[in-house]
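First the structure, in the form of structure tokens, and then the observations on it.
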Amino acid sequence: VCARLPVIRERLGIDFAIVNGENAAHGFGLTEAICRQFYEAGADVVTTGNHTWDQREIIAYIGGDPRLLRPINFPAGTPGRGLTVMQTRAGHKVVVVNVMTRLFMDPLDDPFAAMEKALGPYPLGGSVQAIIVDVHGEATSEKMSMDISSTAAPRSSSARTATSQPRTHTCWSAAPPT
């Protein structure tokens with residue numbers, strides 16, 4: 001990722017990049033050092049999933065890094081955050097939210113209720129120009145049902161956005177839907 005991301009950003013003219021760092025530490029979570037390497041390579045935000053806490057050192061780090069997200073539906077009081085508002089290189093505001101489904105996964109808080117609550121203050125085309133959702137889960141059915149169009153705008157699986165048109169992008173991590 002670190003070797004390819006700068007090339008991909010340059011070649012495709014990407015002005016906002018998100019990396020899922022879920023298993024970056026040899027298949028077991030993420031470390032502060034790896035997270036910093038992602039940023040140095042050009043990642044604007046790093047998302048995680050059910051292996052967030054596999055490397056215990058991340059517990060002390062995650063709360064102080066607004067660009068490192070853990071699933072928003074972890075219980076209240078869990079270190080870190082599940083949503084961030086960032087600005088693209090072109091100056092557009094983007095909401096990035098990380099959520100984890102529950103089927104075949106850890107029993108977390110309701111992902112649908114968490115998403116509705118989290119996205120309420122961010123109407124597309126108002127204060128933000130894009131919403132990008134990293135849905136981490138195992139079951140395709142649950143990922144596909146995470147359609148947030150009722151709270152925002154039409155969903156798209158595209159990684160690039162025409163910045164003049166507000167859109168919501170849903171990204172799937174773990175096994176992609178088929």
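The values are calculated or read from the model by the stated rules, or taken from the named source; none is laboratory data. Bear in mind that the values here come from a model prediction, so they are computed numbers and not experimental data. All accessible areas refer to the heavy atoms of the entire protein, side chains included, with ligands and DNA or RNA removed. Shrake-Rupley method; radii C 1.70, N 1.55, O 1.52, S 1.80 Å.
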*asked:* Assuming 0.36 nm per residue, please report the length gained on full extension of the stretch Glu116 to Cys2 beyond their Cα-Cα distance.
replied: 37.7 nm
*At a probe radius of 1.4 Å, what is the per-residue accessible area of Phe112, in Å² to the nearest 10?*
80
*asked:* In whole Hz and in residue order, list the ³J(HN,Hα) couplings for the stretch 83-96 that follow from phi through the Karplus curve 6.51 cos²θ - 1.76 cosθ + 1.60, θ = phi - 60°; x for Gly and Pro.
replied: 9, 9, 10, 10, 10, 6, 4, 8, x, 8, 8, 10, 8, 10
*Asp44: accessible area at probe 1.4 Å, nearest 10 Å²?*
30
*By how many nm would the segment from Ala76 to Leu12 grow when fully extended, if each residue of separation counts as 0.36 nm and the alpha-carbon distance is taken off?*
19.2 nm
*Put Ile132, Ile59 in order of accessible area, largest first, 1.4 Å probe: what do you get?*
Ile59, Ile132
*Express in nm, to one decimal, how much length is gained between Lys93 and Glu40 on full extension, taking 0.36 nm for each residue of separation and deducting their alpha carbon distance.*
17.0 nm
*Asp134's amide H: which non-local residues (gap 5+, or another chain) put their own amide H closer than 5 Å, with H modeled 1.01 Å from N in plane and none for Pro or chain starts?*
Val97, Asn98, Val99, Cys171
